[in-house]
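Peer 1: Next up is a structure, given as structure tokens.
Just so you know, all these numbers are worked out from the coordinates, no wet-lab data involved. These numbers were taken from a predicted model, which means no experiment stands behind them. As a convention, Cβ positions derive from the backbone with ideal geometry for all residues, glycine included, and neighbour counts pool all protein chains shown.
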Amino acid sequence: MNKTTTGTAMASETSLNSTPALQNVRVLTLRDHAMRYGFLALLFGLVVYFSIAADGFASPISAVFIFQSVSITGILALGVTATLVVDGFDLSIGSVATTSMMTSSYVMVVLGGDATSAVLACLAMGILVGLVNGILIVYMRVPDLLATLGMMFLLVGLQRIPTQGRSIATGMTLPDGTVATGKFSLEFLALGRHRFDVFLPNFLPVSVVILVVLSILIWFFLEYTRYGRMMYAVGSNERAAQLAGAPVRVYKIWAYVISGVFASIGGILLAARIGRGDIASGNNLLLDAVAAALIGFAVLGVAKPNAFGTAVGAVFVGVLLQGLTMMNAPYYTQDFVKGAVLVVALVFTFALSRRSR
Amino acid sequence: MSFSRRILGKMAIGLLAVTTLSGTAFAAEMPKPFDKPGEIKIALVRYLSTGDFFQAYLAGVEAQSAALGVDLRILDSRQDAALQADMVDQAIALGVDGIIIQHGLTEAIKDAAQRAVDAGIKVVAFDVNVENPAIPQIEQSDRDLARLALEQAITDNGESWKAGYVYVAGIAPLDRRDETWIEFKKRYSGINEVAMFGTLDNPIANSVANQARSVLTANPDIQVMFAPYDEFAKGVKIAVDEAGLTSSVKIYSADISTSDISAMREAGSAWVATAATNPAVVGQVSVRALAMLLAGEDPGHNVIVPPTLITQSQLNDNDIKNMQELSAKLPQFAHADVAMPAWMPLP
Amino acid sequence: MVEEPVFRIRNMQKSFGAIQVLNGVDLTLNAGAVTVLMGANGAGKSTLVKVVSGVYRMDAGEVALAGEKFAPRSPAEAIRAGVVTVHQSINDGVVLDLDVATNLTLDRLSGAGTKLFFNPRRVRREAQKVADRMGLNFDMGATVGDLSLADRQMVAVVRAMAHEPRVLILDEPTSSLSSVEANRLFDLIDLLRSHGVAILYISHRMSDIRRLADSIVSLRDGKISGEFNGPDLDFGGAVDAMLGRKISQDQVVVQDGGKPVFVANNLCLEPGAQPFDLTLGDGEIVAVTGLVGVGKTALAEMLFGVRTCTQGRMVLDDKPYSPRSSQQAIKSGVFLVAKDRSVSGIVPDFNIYENTSLPFLKQISNFGIVNRKSERAEAREQISSLGIVCQSELDEMHTLSGGNQQKVMVARWLGHASRLLILDEPFQGVDIAARRDIANRLRGSAKGRATLVFMTELDEAFEIADRILVMSEHTIVGEHRNADVDIDRLLVEISGLHAEASP
């Protein structure tokens, strides 16, 4: 109603305010600094505290281990960040990871495949799941949460079908009573166990290297390429992006494919670390990954999904858990602390952020 | 020693074959109603069914039922407590002679179990307390599991060591195993528990590995890790490997599976011993206890299936690669002399 | 016609903050008569309706219903007193998930003093009674969500009638109905009129008005600007009164279009609408004006490939042009500054330069990597040439005023050469200064492309265009060179009266 009347009134009001320099003098206030660097400062403070409070926390080995402990959830979190960027969500990443774990185990133990075929099978599975998720959401118009929830259940069941509910291990008995002849190849296990001689001999695990490489890749992709920029545009205002000529549907599907592939990489590392295929829903992986991505919103005070924030968020959780475990805190306090960090991060994001004012 | 055990094993297998044959040959000597076993119907009402343990348990139930020649019905409620109770009623309606209740929730199943007893049906329960004096409880002894593993730890390491302990409170079998651990700490004052941790976040092995790594970083002088659940032990082993402490830490656990066997047999594995009950044997014992009830004999109210200690060296010496070979090569694991009246045929 | 007024408004005033929306409105409604209220956008129609239906309270004035003071404090109170309103948005008047019977009796079901349980058969029976009285022939068990828009509208009206009102207010009830569907609604209104209901019918659709009106009242700038009664209604006078005649003409140095850039033949926007042709020349700015809902946005979207072109043929630079997506349109050099920038323009998470570069990232990227330096330089250029008031190209969009946000939206499409630049309502919510800036920039850069601007406000068209096209009922009905405009003819064309006016 009254579009022109209110319009002109609003306009005259704004034209008063819009005299240059009065409108928004950008001085970085203390609060801005707190918003931008608050979480990093908190992380630094935690590290200092644990270094003093927990013997052996401040060591290169311990540092590498923190990264290793968060590498799998971190990789999943980077994937889910891609879907968050297009204003979507992927609840299936946990089960994609465990399905990937089962797939690689099945390929090697039951089918007698080698490391390469196991890895390729997992990646193909991740791509396929991402495509199906994307198509369900974009073309079938199933809301993202529901589509990926369905996919989650589907995968939890699917991963049990080939072995009739058995976990897969070298020498396992198959449903038909015979004994599986294949085994985990050493190259595959190396993905979870090998450590490079960097700084110290036998120091840097493969999974940490993969986490760092994937973090940089996705960060660069989202921040510096036009595809990443378009994905942010799609997430922020889908219709505007479409009218600016972006193939919105393609970008959305791509986001889920990225998510699926990253989750399957996480599952490969999981299988390589555990050395067998465990039946699991992967719900904890999902929750930890989502927590890391959401904490990432608050890092640097940008209040939007971003790869750097996600990586920092994952490390943040890792530091906390490492420190608490070293100080003998029981497991339930860890869940509590994880939850508290998440709530604080969400408050940072939604209540204090400049954008949401 | 291993040589004689191997011979023993072969003898046992031979014996098994003979008894199986004789089981049919001397059917006439069977007590009533097993003189006409084809007319006996029994039902297995399950609460849990997915996973290696439950598969093996079922295999044991099937094998013993076949040996007796009875007609076995399997009702699987797939972790639906209410459905499980309905299934007991369904079994009553089917007119079965005996029911095995496998797992479940006491509150949900207790009344249905009483109805079955009231209907004149013989009932046994495995790993669920149905609070009924007429129903024998089949149990694997968690206290014995923990005791066997810890006794081995004392044998290997003496009476004085630094220990890490993996435990999550509130899980019944783990709580029972915990009682034994507390008892041992009291008895041997030299046991120094420097860290207790644990989680059930799945995949459990991965989550426990992360915690154990932190614990080992903080306490690199731990000598013994007591992880009385194989998923815990698996996680601890990953952490010990990653921390490069395989030579200084020994892991003692409970339960066993094919993948556990391969983990224990890895070169230089820190996982040296586990105590386990063979789920297939538990399945057989469940059927045998029910058969005794049907024959009018009393198996006792608590039918406890004793665990077996399995060490890394046993596995290596016998070149055991999976559960089948474990049963075949460690006869004490393949058979428990529980609920074994003279007439009882073995599978 | 009964002469005793059922409903009388005297000197109604209402303002929001500093804005006086209703400025002393006088209005009477008679039983058994349809009074049409006409008004352009922003004249105050909706505010008037909301005051009368109890949503807003008036600041001053008085309202009398059958001689008694009427000052509802809530919509429910207005309804109880016998003044029932069917609002513009059809789906607000019905509950989509429930069946027709429940919808028709809903107010009784939810009212105070109803029983906890209801008898579906009784509900069905009562609903059938209501429907029969109104000549509504529906399956009472059908779910309203499955009905057509027109049927839903009928249900909403009949539902309103269940209150047995003395005054019924219909706010643009046909705005989403086809003419066939509207006719069914008109029959229903005739029936209500014969029942003695006083009806206030709000619309600026001439076909509705001609069909229904017993009298017409024109509203302009919050005041009644004309009243028309009697057997021969002066429709033209009503339109003049609605639009006002004091249109200021800022002088534009009119450019005639050069070589045709875009030619369309036989375009059809809606099944049943009159096909039309369109030719746009190089360097000219063409404004398309017309009332809301006459198909302006549909045409803009069709040219931009967002809406499919079902009939007719388009040619761009002598080559056939039939875009099936915005990507294809942009590739061909057809750009659209879309209507309603907050919904379809601004990316709120992006700053100024990220917003301006959005459609042309490919051009400023090497191997997919965005060249931020040139991206920012381009944005700075646009900021200075359009006079965008900001600190720098790094400013977030929410820090900008409406006019400056709109400038960024225009800047997005001016940075790269286009063949046909389309702007849909570019001056909505834009202050006069920013409007001038944008207009000047458009005129200054018009060479080398054709420019098509869609706008409802005539003043704006006079300010910017070389040529003005008029749309009505999904077709183009008039064309004027912006130098010697026959305003009378223009107004007649806008109001849709041309069909009668021109023999």
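Peer 1: Per-residue HN-Hα couplings for segment B:113-128, Karplus 6.51 cos²θ - 1.76 cosθ + 1.60 at θ = phi - 60°, whole Hz, x for Gly and Pro?
Peer 2: Result, ordered by residue: 4, 5, 4, 5, 4, 4, 7, x, 8, 7, 10, 10, 10, 10, 6, 9 Hz.
Peer 1: So what is the 222 nm mean residue ellipticity for chain A from helices alone, if each DSSP H run of at least 4 adds -39500 (n - 2.57) and you divide by all residues, rounding to the nearest 500 deg cm²/dmol?
Peer 2: Numbers: 14 runs with 241 residues, N = 357.
Per the formula, -22500 deg cm²/dmol.
Peer 1: Also, quick follow-up: Considering the Cα trace of segment C:5-243, what is its radius of gyration and what is Dmax, both in angstroms?
Peer 2: According to the Cα coordinates of segment C:5-243, Rg and Dmax are 17.9, 56 Å.
Peer 1: How large is ³J(HN,Hα), in whole Hz, for each residue of segment C:52-57 in order, when computed from phi with the Karplus curve 6.51 cos²θ - 1.76 cosθ + 1.60 and θ = phi - 60°, using x for Gly and Pro?
Peer 2: Per-residue couplings from phi come out as 5, 8, x, 6, 10, 9 Hz.
Peer 1: For segment B:142-276, report the % of Cα-Cα distances exceeding 23 Å.
Peer 2: 22 percent
Peer 1: Can you list the lysines whose alpha carbon is less than 24 Å from that of residue B:36, not counting same-chain residues fewer than 8 positions off?
Peer 2: B:122
Peer 1: Would you work out the charge dipole size for chain C about its Cα centre, treating the Cβ of every Lys and Arg as +1 and the Cβ of every Asp and Glu as -1, and quote it to the nearest 20 debye?
Peer 2: 1140 debye
Peer 1: Same structure again: Obtain the nm distance between the two label points defined at residue A:178 and residue C:64 by a simple spin-label model: each point lies 7 Å from its Cα along the Cα-to-C-beta direction.
Peer 2: A separation of 10.1 nm, rounded to one decimal place.
Peer 1: Local charge sum around residue A:331 (other residues, Cβ-Cβ under 11 Å, Lys/Arg +1, Asp/Glu -1)?
Peer 2: -1
Peer 1: Shifting gears a bit: Where does chain C land at 222 nm, in deg cm²/dmol rounded to the nearest 500, when only DSSP H runs of n ≥ 4 count, each adding -39500 (n - 2.57), divided by all residues?
Peer 2: -9500 deg cm²/dmol
Peer 1: How big is segment A:80-234 by Rg and Dmax over its Cα atoms, in Å?
Peer 2: My reading of the Cα-based Rg and Dmax gives 18.4, 55 Å.
Peer 1: Collect residues whose amide H, placed 1.01 Å from N in the peptide plane, falls under 5 Å from the amide H of residue B:162; neighbours closer than 5 in sequence don't count.
Peer 2: So residue B:162 has HN proximity to B:192, B:223, B:224.
Peer 1: Something else now. Suppose every K and R has +1 on its Cβ and every D and E has -1 on its Cβ; what is the size of the dipole of segment C:342-416 about the Cα centre, in Debye to the nearest 20?
Peer 2: 200 debye
Peer 1: How large is log10 I(q)/I(0) at q = 0.15, 0.16 Å⁻¹ when the Debye formula is applied to the Cα atoms of segment C:251-370, each weighted equally and without solvent?
Peer 2: -0.85, -0.95
Peer 1: Okay, moving on. Using the Cα centre of the protein assembly as shown as origin and beta-carbon charges of +1 (Lys, Arg) and -1 (Asp, Glu), tell me which of A:277, C:355, C:95 is placed farthest towards the positive end of the dipole.
Peer 2: Farthest along the dipole direction, towards plus: C:355.
Peer 1: Kirkwood hydrodynamic radius, chain A, all distinct C-alpha pairs: what's the number in Å?
Peer 2: Roughly 22.0 Å, rounded to one decimal.
Peer 1: Under the rule of at least 5 residues apart or a separate chain, name every residue whose amide H is placed under 5 Å from the amide H of residue C:478.
Peer 2: The answer is C:470.
Peer 1: Separate question: Step by step: find N for segment C:419-503, compute 2.2 N^0.38 Å, then divide the Cα radius of gyration by it. What's the final number?
Peer 2: That works out to 1.16 for segment C:419-503.
Peer 1: Further question: Mean residue ellipticity at 222 nm from the helices of chain B, using -39,500 (n - 2.57) per DSSP H segment of n ≥ 4 over the full residue count, to the nearest 500 deg cm²/dmol?
Peer 2: My calculation for chain B gives -15500 deg cm²/dmol from helical runs alone.
Peer 1: Name the residue farthest towards the positive end of the dipole of segment B:142-276 from the options B:210, B:194, B:258, assuming +1 on Cβ of Lys and Arg, -1 on Cβ of Asp and Glu, about the Cα centre.
Peer 2: So the residue furthest toward the plus end is B:194.
Peer 1: Here is a follow-up. In the neighborhood of residue A:287, defined by Cβ-to-Cβ distances under 14 Å, what is the net charge if each Lys or Arg adds +1 and each Asp or Glu adds -1?
Peer 2: After counting each charged neighbour, the total is -3.
Peer 1: So how long is each side of the protein assembly as shown along the principal axes, counting just the alpha-carbon atoms, biggest first, in Å?
Peer 2: Rounded to whole Å, the extents work out to 120, 76, 55 Å.
Peer 1: Principal axis extents for chain C, Cα atoms only, whole Å, descending order, please.
Peer 2: In descending order, the Cα extents are 72, 52, 47 Å.
Peer 1: Also, quick follow-up: Taking amide hydrogens as modeled 1.01 Å from N in the peptide plane, which residues meet the under 5 Å criterion relative to residue B:43, leaving out close sequence neighbours?
Peer 2: So residue B:43 has HN proximity to B:73, B:98, B:99, B:100.
Peer 1: According to a simple spin-label model (label point 7 Å from Cα along Cα-to-Cβ), what is the distance in nm between residue B:29 and residue B:295?
Peer 2: Going from the residue B:295 label point to the residue B:29 one covers 1.1 nm.
Peer 1: Show me, for segment C:358-365, the HN-Hα J-couplings you get by feeding each phi into the Karplus relation (A = 6.51, B = -1.76, C = 1.60, θ = phi - 60°), rounded to Hz, glycine and proline as x.
Peer 2: Along segment C:358-365, the couplings run 3, x, 10, 4, 4, 5, 9, 10 Hz.
Peer 1: Which residue, C:239, C:25, C:195, has the largest displacement toward the positive end of the dipole of segment C:5-243 when charges sit on each Cβ (Lys, Arg +1; Asp, Glu -1)?
Peer 2: Going by the charge dipole, the pick is C:195.
Peer 1: How do the peptides B:198-211, C:420-433, B:329-342 rank, highest first, by the average count of neighbouring beta carbon atoms within 10 Å per residue?
Peer 2: B:198-211, C:420-433, B:329-342
Peer 1: How big is the dipole moment of the protein assembly as shown about its Cα centre under a simple scheme where the beta carbon of each Lys and Arg is +1, that of each Asp and Glu is -1, and everything else is neutral? Debye, nearest 20, please. Show your work: numbers first, answer last.
Peer 2: Details: 105 positive and 120 negative charges, 286 e Å.
Computed charge dipole of the protein assembly as shown: roughly 1380 debye.
Peer 1: Also: For segment C:362-456, what is the convex hull volume of its Cα atoms per residue in Å³? Walk me through the intermediate numbers first.
Peer 2: Details: hull volume 10.3 nm³, N = 95.
It is 109 Å³ per residue.
Peer 1: In square nanometres, what is one fourth of the surface area of the convex hull spanned by the alpha carbons of segment B:126-206?
Peer 2: 7.0 nm²
Peer 1: Students often get this wrong, so check it: of C:50/C:339; C:14/C:45; C:373/C:447; B:185/B:237; C:319/C:339; B:162/B:185, which have C-alpha atoms separated by over 18 Å? Provide the component values of the computation, followed by the final result.
Peer 2: Numbers: C:50/C:339 26 Å; C:14/C:45 12 Å; C:373/C:447 28 Å; B:185/B:237 23 Å; C:319/C:339 28 Å; B:162/B:185 11 Å.
In this structure, C:50/C:339; C:373/C:447; B:185/B:237; C:319/C:339 exceed 18 Å between Cα atoms.
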